Amino acid sequence: MSVFLGGFLGTVLVVVLQLSRARLYSAAQIAGLTSVPVIAVLDQFSQKIRPEQASALGPQTRDGEAIRNLRTTLLMARGDVPPQVVVFTSAESGDGKSTLSAAMAHNMAQIGKSVLLVDGDLRRHYLSDPLADGNSKPGLFDVLSGRCDLAEAVLPGVLGQADILPAGSVSGSAADLLSQGGLTELLSVARSHWDIIIFDTPPISVVPDARIIGQHADLLILLAQWNTTRQAVFIDALRALEQGGRSPDGIVLTKVKAAAKPLYGATKRSRDRYYHG
């Protein structure tokens, strides 16, 4: 009995360790974990792009066309009713959601949409630092706390033709403030002024902010970084969203490296041939 019990516990420990170390590496693997569809698999950009450099992902480039394909997917996701509030989040940090949020805002503006890009990461404010002088200007936190109106905090045309609402002068608990009801009023006003409102939010595994903001989303998109996002953390993120009553509408696998091309078959090889001859 002791030998059997020892062997059983050892097997369980090995499985747990493997699960905790396992990384996400393909759309097929993700499909085995959740019924939420993988709506895009994005290559690692050919150059390092920060949010303020989103305009570099121009037309006639592989990276730019990948963003445009995702843009089309998002606009068609709800049939004849295009989404107005799109929230990007991730299971862990470093998955590229701030850059993707900025790139999507810039690309939506390029087709004539009025766009508001919101820095919903009230702790790191990765978007606000380069695009709005850090926390030196009023922003989301100030509007929610009643310090100023939305119109006073929005910076017009900061990212191409897209407007931005920075994080603002953050003090106190972001999660508490987001839960107090002001976000509903803010979005009611924003929906009447912009065609698309895009939120960049913190990772789900770190703080609850994305779960709160996601309740207001027409589309909630979960990012995972190829061969980096841990499977166990990803599953926990999905569970956290589901427990809050708002499952993601789609998953984007980001930063796929060239070495992973065999995983994606003929479609990826065909795209590569199209751009590289």
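At a 1.4 Å probe, what is the % contribution of carbon and sulfur to the accessible area of the stretch 179-236? C and S fraction of accessible area: 46 percent. Of the solvent-accessible surface of the stretch 58-112, computed with a 1.4 Å probe over protein heavy atoms with every protein chain present, carbon and sulfur atoms account for 48 percent. Figure note: SER98, SER192 ranked by solvent-accessible area, largest first, 1.4 Å probe, ligands and nucleic acids not counted: SER192, SER98. Rounded, prolate or oblate for the stretch 162-226? Axes are the square roots of the Cα gyration tensor eigenvalues, ordered a ≥ b ≥ c, and the cut-off for rounded is a/c under 1.5. Verdict is oblate for the stretch 162-226. Look at the Cα gyration tensor of the stretch 119-229: its axes a ≥ b ≥ c give a/c under 1.5, and that counts as rounded. In the context of the full set of protein chains, the stretch 127-249 has a per residue accessible area of 39 Å² (1.4 Å probe). Using the Cβ of THR34 as centre and a radius below 13 Å, the other residues enclosed give a net charge of -2, where K and R count +1 and D and E count -1. Sorting the segments 248-255, 225-232 by their residues' average number of neighbouring beta-carbon atoms within 10 angstrom, most packed first, yields 248-255, 225-232.
Dipole of the stretch 22-159 computed with +1 at Lys/Arg Cβ and -1 at Asp/Glu Cβ about the Cα centre; of LEU42, ALA56, GLY112, farthest Cα towards the positive end is LEU42. Distance from the Cα centroid of the stretch 104-125 to that of the stretch 73-100 is 11 Å (rounded to whole angstrom). Per-residue 3J(HN,Hα) values for the stretch 77-82, derived from phi via the Karplus relation 6.51 cos²θ - 1.76 cosθ + 1.60 with θ = phi - 60°, read 5, 10, x, 7, 10, x Hz in sequence order (x marks Gly and Pro).
Straight-line cross-link reach from LYS97 at under 12 Å between alpha-carbon atoms covers these aspartates and glutamates, not counting any fewer than eight positions away in the same chain: ASP119, ASP121, ASP200. Since only LEU222, HIS193, HIS125 are under comparison, the one whose Cα sits farthest along the positive direction of the charge dipole of the stretch 113-234, derived from C-beta charges on Lys, Arg, Asp and Glu, is LEU222. Summing Cβ point charges (Lys, Arg +1; Asp, Glu -1) relative to the Cα centre of the stretch 42-143 gives a dipole of roughly 160 debye.
The values are calculated or read from the model by the stated rules, or taken from the named source; none is laboratory data. All values derive from a computational prediction rather than experimental measurement. Positions of Cβ are backbone-derived with ideal geometry, glycine not excepted, and every protein chain shown enters the neighbour counts. To get the accessible areas, we keep the full protein, side chains included, count just its heavy atoms, and leave off ligands, DNA and RNA. Shrake-Rupley method; radii C 1.70, N 1.55, O 1.52, S 1.80 Å.
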